[in-house]
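In what follows, a structure is listed as structure tokens, so that the remarks can point back to it.
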Amino acid sequence: MTGSGESYPALEASLLSDEAAASARRKWEKTYLDVLGVCCSAEVALVERLLAPLDGVRAVSVVVPSRTVVVEHDPSAVSQSRIVKVLNGAGLEASVRAYGSSGVIGRWPSPYIVACGALLLASSFRWLLPPLQWLALGAACAGAPPMVLRGFAAASRLALDINILMLIAVVGAVALKDYTEAGVIVFLFTTAEWLETLACTKASAGMSSLMSMIPPKAVLAETGEVVNVRDIDVGAVIAVRAGEMVPVDGVVVDGQSEVDERSLTGESYPVPKQPLSEVWAGTLNLDGYIAVRTSALAENSTVAKMERLVEEAQQSKSKTQRLIDSCAKYYTPAVVFLGAGVALLPPLVGARDAERWFRLALVLLVSACPCALVLSTPVATFCALLTAARMGLLVKGGDVLESLGEIKAVAFDKTGTITRGEFTVDIFDVVGHKVQMSQLLYWISSIESKSSHPMAAALVEYAQSKSIEPKPECVAEFRILPGEGIYGEIDGKRIYVGNKRVLARASSCQTAVPERMNGLKGVSIGYVICDGDLVGVFSLSDDCRTGAAEAIRELASMGISSVLLTGDSAEAAVHAQERLGGALEELHSELFPEDKVRLVSAVKARVGPTMMVGDGMNDAPALAMADVGVSMGISGSAAAMETSHATLMSSDILRVPEAVRLGRRACRTIAVNMVSSVAAKVAVLALALAWRPVLWAAVLADVGTCLLVVLNSMLLLGEGGGRRGKEEACRATARSLEMRRSQLAAVSPDAATKSVGKTGGDASKGCHCCHKPIKSPEHSVVINVRVDEQREGPTDATCTPAKNVEVTGLVDASVMPASSSCVSGGGCCSREKTGRNM
């Protein structure tokens, strides 16, 4: 017996391993279904109970606003037709959504609605022919079958939904021999559901277009063979002709063209592409042939990630929605019991007018379903998420959307966020005589080739311009030093490349820096240390993004303060502030990643809900700490995109104030929806108590409010469209001209010079959104972190109301503002003492 007993655990483990292996062997796929019978969250549990027991179904998710059910299943075990049959058996009117379709099932009402309306209209002539009153009963019977099927399916699984409540109201009206009211209840309910479905389908059309951006086929450049896009491997070369969509993410290897990225990034202008330019699936090739070497599989492309993020965001619930759903669980049973009490107790105690009490009970039952209140949050969230996706911002859930509407401060990273992240090497000097320039460039370019930082790309390009090819395969022991630089070993040499922190870490002796490096404005200075000796110094410059100053001013007009957090030097931070016209309220420079986290936490405590906008791996901890972390998705690092709460797919920083505006609008819409939903039910109950219980009025208030909630939420779909008008076109023109000039410069510097000359030498002339650099900012404070004090606690920075600022840290006085004063509540005067993190 003992031996037999010991065999049971082994047998159970064997069975579990067999099940796991069978599950791993299965090929899972997602099927999208349009299910018209899903009108509120009450049907979600019904759908899950119907599909979860089916063999081969792994996951079921329901998106109520768009009437969509997503089923992850093994098609060999359970087919799409089987899933549809199970749902339709419960009267849920399900159908499989075709690839790329809009999800519209039909514009015309169902035969049930038409028959119900025709019979009800005919019964209205009963004053001419009394027997016509029976047509009203026929109208109720003609329109009721879908309600009966769904109600029976819900009751058989012990669920209480709107269909059951409406059927009780219809039966009650028939029992009172008020056939017209019974027919009106059925007609109003079915018609309102149809209109609500049309509105929800219209709202979800944006999601359908997002899912259909990837073409199903692609053409191999070498053979001309047409293949399924899912069969293309990484590294394959595909041909994309003019007028075709790019099927897979990749890099252009041949040809030149302009690509419309509006569907992906929200940018409203074509982007020039040439060899080595990146292109993304779902974008449109406008006017030329390009050959693209794929860099990702179809299921891992940028647009596929967008689809998954939007889908996950739609399925997630915000704090408000979770609160409403939890209240609805108790609200409906409580009102049902109250209605039963109102119907039964008065006759038992001998109250007169039992019919009035019975009608009041039916009104309470109709009011027991909080459909409008339950829909008030998810439909508004759904529409706002789609609007955000259309403008190139992926928001990861309703909680993030609500937090966007509460933002009081925005912290910006500098490199790649406020600035373009497109560095150019201005000066490169060898220090001493220990190494030749060519050897030094070879070491640096080889090591920097293994880094994804924008500065690394500039150094590699500079070396290549000197006919030096990097060899990253020769680099050993490569390491990234966050907030400092990089380290690598090549040819037996230990090489450090980075800022002054790297110099302090790696240099064993003090070496004089070339004089022309002193006093440089608006540049980042880097150092190269070889085996403990300073052997090279270089400077890089980077310009602010077009529209950055305008974005910060828009935030200020909304009552939102802006802060700059950068690991770069104080001189570079001050230069960026000058280029922005003094728009930033605070500057913090020479920061480690942990310093950014501490500063974001401090701003949250001092100002309120805070957004962090960044693009690099160094920004990932701060993005996670902020109430809303926004990463620059396409140009930014994968770590920043994963840890952020929202992803900006384009480089247009003006999307940041638009996102805050959209969040505030969504919060207002949710509030209006909730108030109107509750007010409608209170008004009907007050009318029933004060005057006469009217069943059809209760039904109209319930389903009508649902429809109004959907229509009001749909107003969010137009948010931001065409709002900027000429300003957007102005920026688009400036950016296109700049791209063209950069292309000309790559081919011929003389041609670029002539091009600039033809345009007047300044692309910002005549353009009010492209600001020229101005003189010293009038309201800023620079708080610099010393290298030797970065982890020892705060250093003091004093500020007086007079127009001067005493700043601690290693700051070149030549680049500091000539005058400065503090902004009330936002600068350093808001505290008696200022630490390095404030």
- prompt: Using the per-residue mean of other Cβ atoms lying within 10 Å as a proxy for protection, in what order, highest first, do the peptides 392-402, 667-677 fall?
  reply: 392-402, 667-677
message: Along the Cα→Cβ direction, 7 angstrom out, place labels at Leu345 and Val675. What is the inter-label distance in nm?
response: 3.3 nm
query: Listing His645, His453 from the residue with the fewest other Cβ atoms within 10 Å to the one with the most, what is the order?
result: His453, His645
task: Apply 1/(1 + (r/R0)^6) to the Cβ-Cβ distance of Asp254 and Arg352, taking R0 = 60 Å, and write down the FRET efficiency to the nearest 0.05.
output: 0.10
field: Residues whose placed amide H lies under 5 Å from that of Glu244, excluding near-sequence neighbours
entry: Asn285
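Which translational diffusion coefficient, to the nearest whole µm²/s, is obtained for segment 29-205 from the Stokes-Einstein equation, given a Kirkwood hydrodynamic radius over C-alpha pairs, 4 °C and 1.567 mPa s?
75 µm²/s
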message: Let's see if you can work this out: charge +1 on each Lys and Arg Cβ, -1 on each Asp and Glu Cβ, no other charges. What is the dipole magnitude of segment 215-300 about its Cα centre, in debye to the nearest 20?
response: 60 debye
- request: Would you give the gap between the C-alpha center of segment 157-183 and the C-alpha center of segment 364-433, rounded to a whole Å?
  value: 45 Å
message: Among the listed pairs Lys500/Lys596; Lys27/Lys305; Lys305/Lys408, which have their C-alpha atoms separated by more than 26 angstrom in this model?
response: Lys305/Lys408
message: Please compute the length gained on full extension between Arg494 and Leu711, using 0.36 nm multiplied by the number of residues separating them and subtracting their Cα-Cα distance.
response: 71.6 nm
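For the peptides 461-470, 406-415, 141-150, what is the packing order when you average, over each peptide's residues, the other Cβ atoms within 10 Å and list the highest mean first?
With the highest mean Cβ count within 10 Å placed first, the list reads 406-415, 141-150, 461-470.
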statement: Ratio for segment 437-541, C-alpha Rg to 2.2 N^0.38 Å, reads 0.99
query: Between Asp231 and Arg505, what is the FRET efficiency for a Förster distance of 51 Å, r being their Cβ-Cβ separation, to the nearest 0.05?
result: 0.55
- prompt: If you find the alpha carbon centre of segment 689-707 and of segment 132-147, how far apart are they in angstrom?
  reply: 20 Å
message: On a full-extension model of 0.36 nm per residue, what is the gain between Ala334 and Thr223, subtracting their alpha-carbon distance, rounded to one decimal in nm?
response: 33.0 nm
field: Residues of segment 71-96 with amide N under 12 Å of the 7 Å Cα→Cβ point at Asp55
entry: 77-78
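Just so you know, all these numbers are worked out from the coordinates, no wet-lab data involved. In this text the structure is predicted, and so the values were computed from the model without any measurement. Note that each Cβ is placed from the backbone with ideal geometry, even for glycine, and that neighbours are counted across all protein chains shown.
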